[in-house]
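> Got a structure for you, written out below as structure tokens; questions coming shortly.
The values are calculated or read from the model by the stated rules, or taken from the named source; none is laboratory data. Predicted, not measured: the structure shown is a model, and the values here were computed from it. Positions of Cβ are generated from backbone atoms using ideal geometry, with glycine treated the same way; all protein chains shown enter the neighbour counts. Protein only, heavy atoms only, side chains kept; ligands, DNA and RNA dropped before computing areas. Shrake-Rupley method; radii C 1.70, N 1.55, O 1.52, S 1.80 Å.
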Amino acid sequence: MAKSDTFKGFKAFPVKFSAESTTQHWLYYKEHSVREKNSSKPTNRTLFIINVPPYCNKDCFKRIFSVCGSVTSVFFHQKPSAGTTPPEESQFFTKCPRIKGFKVAYVVFEDNRGLQRALKLGENMKPVILCTKETPILCGLQKWCQEYNNRIPDISLLQKEIDTFMEKFDDEAHRKALKEKEMMQEDEEGWITVTKRGRKPGFARKESVEKKIMGKEKQRRSKKELRNFYRFQIRESKMKHLVNLRKKFEEDKKKLALLKQSRRFKPF
Amino acid sequence: MKVKNNLSINMKQGKKYTLSEENSFDEADGTEGSEDIELNNMEESEGDDDDDDDIGDYVSEDNENGEDADVKEEDKSDGVSGMKEGNKPVKKKHVEDENEGAKKKQKVKSADTNLYRPPTVKELNQLRETENLFHSNLFRLQIGEMLKEINIRARYKTLFHHWVEDFKKALGNIADSKEYDIMDRKWLNKLKVKIPIHYLPRVTGVFKFMKPTSVSVVGSFGAGCCLGPDIKIDVRIEMPQICFDMKDYLNHKYHMKRALYLAYIAGKLQEIELVEEMLFSQSCGNPLKPVLLVKPKGKLGKRVLIVVHVSPPVGVFKLSRLCPERNNIRPNWYFEEKEIVEEESLPPTPHYNCSILKDLILDANEEYRASILESHPNLKDGILMLRVWLKQRGLDQGYGCFSGYIMSMYVLYLLQSHRINSVMSSYQVARNTWNNLAKSNWTTDGISLAQSFPQQSISDFHQYFEVVFLDVTGTCNFCAEMSKEVFLWVKQECDLAVKCLDNPNINSFQALFMTSMPFYRQFDHIIRIQDLSMINKVVEEYSPRMQKMNYTGHRYPQALRLILEVLRRGLGQRVKHIGIMLPNAKSWPLTDFPPSLNVVITLGLTLDPEFAFSVLEKGPGANLPEAFEFRKFWGKKSEVRRFQDGSISESVVWSNGSATLAQKRMICRHVVTYLLNEKFGFRTNRGIMYVADQLDALIQRYMLPPADFDYGTGEEATVRVISAVDSLGKQLRQLKDIPLEVSAVQGTSPVFRYCDVFPPLSSLWKITKQQGTEGRNYFLKIDGEPAIAPRWIPFVDAIIQLGLSGKWPDDLCAVQRIKAAFYIKIADSISKQFNLTAQQYPDCVYIFKDGFVFRLHVAHQHEIYLLKKTTTPEGVTKYRDTEESLDLEKRIVHLPKLTSALHGLHQQYPSYGPTCCLAKRWLSAQLLDPYHFPEMCVELLVASLYLMPEPYQPPNQPQLGFFRFLHLLASTNWNTECVILNLNAEMTREDILEIETWFHNCRTTLPALFLSTPYDRKNSIWTKEAPSLQILIRVALLAGEALRVIERLLFLPIKSDWKQIFRPPLEAYDVLIHLLPKLNSRCLEAVDVKHEWSNHRLRAYHKEPCEKIPITGFNPVDCFLAELRENYSDYALFFCDIYGGNFIAVLWKPSALLPKDFKVSHINCHKPSKDGSKVELNVDAIVEDFYILGKGVISTIDVKSGSPL
């Protein structure tokens, strides 16, 4: 496997968990280049790495790649993505789902040289150690204990956060209401925007409401129609009835066939 | 399109009239051209249809028992559907037509006086309801299919006829023998045959073999109602008259001669080529009546077994000599006594007489049956159905069985008494037979086939026999050997069968005919008396002299009679009925002596839940004369007690008032063992196996049981949790300073459905060294890396419904914050107001009450809609299910509803909860934890055993429920069958049918196991993610194996290891990760836990100041398992017993092991392959990752040799 260091442009380099580890995972990396530009992942300074083991964290990646040049930031994603995840607003309420299992990483260097050096990193094929004293990776029992403890929130902080959020939310709602009210005023040309509020609200733009309206329309139209008026209509309706019966019979037959097929009738 | 407006209908009476246009049909030729549709086959119009394409043949017959049948036949070959329905509920019926049966389509409707009324619009509408009829249609077709399966193929018939001709010739060639003394055995030795009857002493006389006078085929094969595909054909060999003396019926001479004759024939047949193998057996398990089983040579022998009976010629003895009141075994002969008693005062020997009579009356009855069946061929299929039904229930084999012969004779009896008529369909025959049998009682009002037979003499028979059904001659009782219990059992099954047919919610055909019901899946309790020497002793000591003579050494019926008499009285109302496992007829080689006369007695009890669990048996008032009788029966157990109503009565007390439910379920056992010991001196520890609570050990808590009450099987602990949540709910409703009042609190954990295998226990929890306290919130946390995992304390989930308010924001994030604010408020005020410890979290609140930790969530229904809401680019709001919304809906809508429904189910059937626990325990022990087989799915499957128990009755013993659960898993084809639980009968028949149709139409897109409840109808929300098809297949295998083990265990000595079905096979797994038991919080729950600390008990809870919430819901093993699944579930499956399992088994997914091309989306966890062209799974690195992820809890990892590493 040694030489073939390119897989569709990706280079492979081995990592292992600690110095004592006997096995290694293979990271595959290349220069990050996509059509969608994102300022936080600049094209010529970003390294794109896939097959990152679940226990890797930002600190250990920063340490590993700092040998190539100073690293400004590291991003982890579940799947390759050009953008970045929005920062979590709250320490208690998470918005983005947690990354599960193996992940992809983007390492952004301060300049292009770092990236270039990093691209040559795997050439000597010496496994890189992930967990060292400087950047320990917490795992196993210790990690679970810590997670259990971390779940216990600081109540005063939580209360404070809720209060500020709700204040902001109320403000926003208030502002929105004001804006709507404004819109309901006649503008220069004499137009009034119809909103949900006010004395004459427009209908809610919901799927169910639209369906209801369409249904009513159809009903109204069908009411105008005369049914069973002409002889041919009577015949047709009887025919329809007949077809229904026939269909049902066919269905029954099918059911039976299914039964016969699936159920053997051997009692013993 | 061809349109016919008028159709003439030719009435049977010859009247002709034309239907008005309203009722006529348009007849359409579809594109196929061949399809003609008739719509004018109106219900009430009866007659032949003159149309060219359709021939409608209507037959109307009135039924004796009021079930009027109207039968119509139509030609089905041209694809015409004529569905009709009566204005009365349609009965499922079926008409047999021997010749055209397959082609004809028949329908039945109810008819009455206005049969010939012209059809109305309403009836036309009813035509559309074909679905109702479909059930009957389906039933008819299923019967047809089944009969086809059990038919004997014509090839075998012809083969047999040839064979029997040769056989007759061979018999004719046997030369007459010399005269031997009847006790002479030398000539038998020469023939290399042992006499197939037990040693009967002191029989005098001579035996001489003479050529049989006739050989004939009798029995069901002769009558044409034989159960295939493997058949037994009865062949009767008639002994010539000269073989018998006048008084041979006395003192066993007849039986001896019969046996010798049979032995002689068997000896001679050994040389004949026609025979492949021969065995001796007993006719109906009667040791006095040996028969010869002959396996024919060649192809015939594959399916056919010939049963050779020897019988005397008709009229060799006077039938009156063999009346039940006569004595034919002289006591002075039998007991070797000197004194001679007058014949009139001799005790009667009805059973002995009957054993001779049965041979004598055979011909008369055979003739009668043959003549009737010939003139009424429609009965045959009905009889066949009834025989299949009997056989599935195990009622038609063994000594004292309700044989197929009795059943067919009963059908003839019904015909004779005009309760069945000649035009009835097989379905009607069966239904009417069940109906009548369910209503009859042969134990008090026997019946007789003999015409003009005086009722008086039937009552005479009742003196000597428990069940009476007399033959055509009126002298012989078909049911002579049958005990009352067997008849009552059959009767009850009949009742169930009729109910089953009338139940529209189930597939009655499957339940009645296709489900085999082994003994151990029918009865709540099973008693096996295995100690044969004890049975011997019982008979010797307790059986009256008369019975010993009557049964002439056959101890089984005597012992059974004695034991049943005692149990019947002792168990009384506690049991609905006692079943007897009829001993199988034994067969043995010609060169062996007949097997022992002693048979193990196996009884089954079906409990009556109303009375079975009461600890007290109240007898008559102490001053009444009956009290003496009561005292005498119960012996030292009987005591005089004063009751609350002031009465003073004799009574028997089986347990103290604080008995657990598990103990109460076993009261019958106390009764049985006490009585057997008291009355017959049975030693309880040996010789009697009582199968009922063997598996209870798996749901008991051996380690650290609670100190303040008996744990039993957990129901008592569950009740404590439920009452704790009730009082917590009360307190929460009283909270003052929260913005919205709490309107309701409902538990959603399995414990509230009585389905938690190990319900939480309240106790005082000590703070250990590794646990520290945190902040003012009275909280425990884990310090550092513990060496021992904290003890497992689960939290109890409940949801809080708040009062209605219009002020909830319309935004998801805001709702979350407001809920969190509620949690903070609730925790604060409950600790202030009620001094309870509570801890807030952003998404829930923990409250510590009565020693339990409750985890409460606020349910806000609108949140579901907020999660579903999406907006299209046009600005239209749509509601679409998302993962989160479904999850929330499950938790706050479905779970509470199901919890209350299943809680109700447990109240109705108190064995439901423990059955669920056993089922869950077993699945988990087989390493299938809720990830593979969700808990709710198990609970609902078990619920189906109670809601649709047919063909059984709902179980009263958890173990029985568990056996049936295993059978359900092992035998159901989930691909074609769905489980529809009509909880609280909330769905109508139409709803169920709709779901069924939906299931069949959309099968491919639905989950592997489709489970529908009234709350989720077509969504099957509980089985969406799991179990997968692979898991279902695996479960079916495991369950089948477990059942086989159980069947074996039932017949093993008493101390057998029942836990073995809870030990998983490990061969299939690739990697085993062994864990440190110390770090398994639940290690004390393991199946094979060591009983080291069994003396320790949990300390009882009492409220202390400054309580702290213990470490809750934390088990390192669970954390590890969750992490493994999160990271590696794409490449491997992980299996673990969550109840204390000390290892995790890993199975690589075969698809993940294949080398793949390099692709960014599929590169995770792969390494470059050797040649570098592809990538392959980095298996060894994964195994090392297991070590890394499970740091601190792993002891070793075993990688199976041969696995890909």
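> Only residues that are within 12 Å of chain A (Cβ to nearest Cβ), out of contact with any helix residue (DSSP H, G or I) (no Cβ under 8 Å at 6 or more places or on another chain) and surrounded by fewer than 15 Cβ atoms within 10 Å (Cβ to Cβ): list them for segment B:798-817, please.
Within segment B:798-817, just B:K807 meets the criteria.
> Follow-up. Output the number of the condition that B:I506 fails; it satisfies all remaining conditions of (1) touching a Gly at 6+ places or on another chain (Cβ under 7 Å); (2) closer than 28 Å to B:Q428 by Cα; (3) among the aliphatic types (A, V, I, L, M).
(1)
> Could you identify the single residue in B:S1151, B:S1169 that is open to solvent by 30 Å² or more (accessible area, probe 1.4 Å), small (G, A, S) and either modelled with pLDDT under 90 or in the same structural domain as B:S1081 (by TED's automatic domain parsing) (or both)?
Checking each option against the conditions leaves just B:S1151.
> Which pairs have Cβ atoms under 6 Å, sit 6 or more apart or on different chains, and link a residue in segment B:880-898 that is within 15 Å of B:A798 (Cβ to Cβ) to one that is open to solvent by 30 Å² or more (accessible area, probe 1.4 Å)?
The qualifying pairs are B:P896/B:Q746; B:K897/B:Y1015.
> In addition: Every residue in segment A:42-59 that is open to solvent by less than 10 Å² (accessible area, probe 1.4 Å) and within 13 Å of chain B (Cβ to nearest Cβ), please.
Across segment A:42-59, the qualifying residues are A:I49, A:I50, A:N51, A:V52, A:P53, A:C56.
> Considering A:K260, A:K212, which residue is modelled with pLDDT of 75 or more and either open to solvent by 80 Å² or more (accessible area, probe 1.4 Å) or at the interface with another protein chain (Cβ under 10 Å from one of its Cβ atoms) (or both)?
A:K212
> Ok, one more. Here are some conditions: (1) buried (at least 17 other Cβ atoms within 10 Å of the Cβ); (2) assigned to a loop (DSSP other than H, G, I, E, B). B:I995 meets all but one. Which one does it not meet?
That leaves (2) as the condition not met.
> Filter segment B:893-934 down to the residues that are buried (at least 20 other Cβ atoms within 10 Å of the Cβ), among the hydroxyl-bearing types (S, T, Y) and assigned to a helix (DSSP H, G or I) and list them by number.
Selection gives B:T899, B:Y912, B:T915, B:S924.
> Sticking with this structure for a sec: Among the candidates A:E236, A:E189, single out the residue that is acidic (D, E), over 30 Å from B:K1078 (Cβ atoms), free of Cβ contacts under 8 Å to residues at least 60 places away in the same chain and within 14 Å of chain B (Cβ to nearest Cβ).
Checking each option against the conditions leaves just A:E236.
> May I pose another question? One residue is enough: does segment B:672-680 have a residue meeting the conditions surrounded by fewer than 18 Cβ atoms within 10 Å (Cβ to Cβ) and assigned to a strand (DSSP E or B)?
no
> Right, B:I793: in contact with a strand residue (DSSP E or B) (Cβ under 7 Å, 6 or more places away or on another chain), away from chain A (no Cβ under 12 Å), assigned to a loop (DSSP other than H, G, I, E, B) and over 30 Å from A:H174 (Cβ atoms) or not?
Yes; evaluated as a whole, the condition is true for this residue.
> Within segment B:1192-1204, can one find any residue that is over 42 Å from the mean Cα position of the chain (by Cα), closer than 22 Å to A:Y148 by Cβ, within 12 Å of another protein chain (Cβ to nearest Cβ) and open to solvent by less than 20 Å² (accessible area, probe 1.4 Å)?
yes
> So B:R964 fits all but one of (1) farther than 23 Å from B:P759 by Cβ; (2) open to solvent by 20 Å² or more (accessible area, probe 1.4 Å); (3) touching a residue at least 12 places away in the same chain (Cβ under 8 Å); (4) more than 14 Å from chain A (Cβ to nearest Cβ); what number is the exception?
In the conditions (1) farther than 23 Å from B:P759 by Cβ; (2) open to solvent by 20 Å² or more (accessible area, probe 1.4 Å); (3) touching a residue at least 12 places away in the same chain (Cβ under 8 Å); (4) more than 14 Å from chain A (Cβ to nearest Cβ), B:R964 misses (2) alone.
> Filter segment B:849-892 for residues that are open to solvent by 40 Å² or more (accessible area, probe 1.4 Å), in a helix (DSSP H, G or I) and within 12 Å of chain A (Cβ to nearest Cβ) and give the result.
B:Y865, B:E883, B:E884
> Which of the residues belonging to segment B:374-394 are open to solvent by 10 Å² or more (accessible area, probe 1.4 Å) and more than 11 Å from every other protein chain (Cβ to nearest Cβ)?
Selection gives B:E374, B:S375, B:H376, B:P377, B:N378, B:K380, B:D381, B:G394.
> Modelled with pLDDT under 90, in a helix (DSSP H, G or I) and over 20 Å from the mean Cα position of the chain (by Cα), is that true of B:G553?
When the stated conditions are applied, B:G553 does not pass them.
> Say whether the condition of being without any contact (Cβ under 8 Å) to a residue 40 or more places away in the chain and within 14 Å of chain B (Cβ to nearest Cβ) is met by at least one residue in segment A:101-117.
No, because not a single residue in segment A:101-117 is without any contact (Cβ under 8 Å) to a residue 40 or more places away in the chain and within 14 Å of chain B (Cβ to nearest Cβ).
> Right, something else. Return the residues of segment B:833-848 that are more than 14 Å from every other protein chain (Cβ to nearest Cβ) and either at positive phi or out of contact with any strand residue (DSSP E or B) (no Cβ under 8 Å at 6 or more places or on another chain) (or both); say none if nothing qualifies.
Across segment B:833-848, the qualifying residues are B:Q833, B:F834, B:N835.
> Which residues, counting only those in segment A:148-170, are more than 7 Å from chain B (Cβ to nearest Cβ), without any contact (Cβ under 8 Å) to a residue 40 or more places away in the chain, part of a helix (DSSP H, G or I) and open to solvent by less than 90 Å² (accessible area, probe 1.4 Å)?
Residues satisfying the conditions are A:S156, A:D163, A:T164, A:D170.
> Which residue is farthest from the other protein chains (Cβ to nearest Cβ), if the candidates are limited to segment B:818-828 and must be crowded, with 19+ Cβ neighbours inside 10 Å and touching a residue at least 24 places away in the same chain (Cβ under 8 Å)?
B:I826
> Is it the case that segment A:68-77 has a residue that's within 14 Å of chain B (Cβ to nearest Cβ), surrounded by 14 or more Cβ atoms within 10 Å (Cβ to Cβ) and either under 24 Å from the mean Cα position of the chain (by Cα) or over 30 Å from A:T164 (Cα atoms) (or both)?
So far as segment A:68-77 goes, yes, one or more of its residues are within 14 Å of chain B (Cβ to nearest Cβ), surrounded by 14 or more Cβ atoms within 10 Å (Cβ to Cβ) and either under 24 Å from the mean Cα position of the chain (by Cα) or over 30 Å from A:T164 (Cα atoms) (or both).
> Now, a different point. Of all residues in segment B:557-574, count the ones that are open to solvent by less than 20 Å² (accessible area, probe 1.4 Å) and touching a helix residue (DSSP H, G or I) at 6+ places or on another chain (Cβ under 8 Å).
Total meeting the criteria: 10.
> Here's another thing I want to ask about it. I need every pair where a residue in segment B:616-634 that is farther than 22 Å from B:G681 by Cβ has its Cβ under 7 Å from the Cβ of a residue that is assigned to a helix (DSSP H, G or I), sequence separation at least 6 or different chains.
B:G619/B:A627; B:G619/B:F630; B:P620/B:E626; B:P620/B:A627; B:P620/B:F630; B:G621/B:A627
> Checking B:Y711 against (1) surrounded by fewer than 21 Cβ atoms within 10 Å (Cβ to Cβ); (2) without any contact (Cβ under 8 Å) to a residue 60 or more places away in the chain, which single condition isn't satisfied?
Evaluating B:Y711 over (1) surrounded by fewer than 21 Cβ atoms within 10 Å (Cβ to Cβ); (2) without any contact (Cβ under 8 Å) to a residue 60 or more places away in the chain leaves (1) as the failure.
> Would you say B:E149 is at pLDDT 80 or above, surrounded by fewer than 17 Cβ atoms within 10 Å (Cβ to Cβ) and within 14 Å of another protein chain (Cβ to nearest Cβ)?
So B:E149 fits the description; yes.
> Then there is this: When the residues of segment B:1095-1129 are filtered to those that are touching a Gly at 6+ places or on another chain (Cβ under 7 Å) and open to solvent by 10 Å² or more (accessible area, probe 1.4 Å), which remaining residue is nearest to B:S924 (Cα to Cα)?
B:E1126
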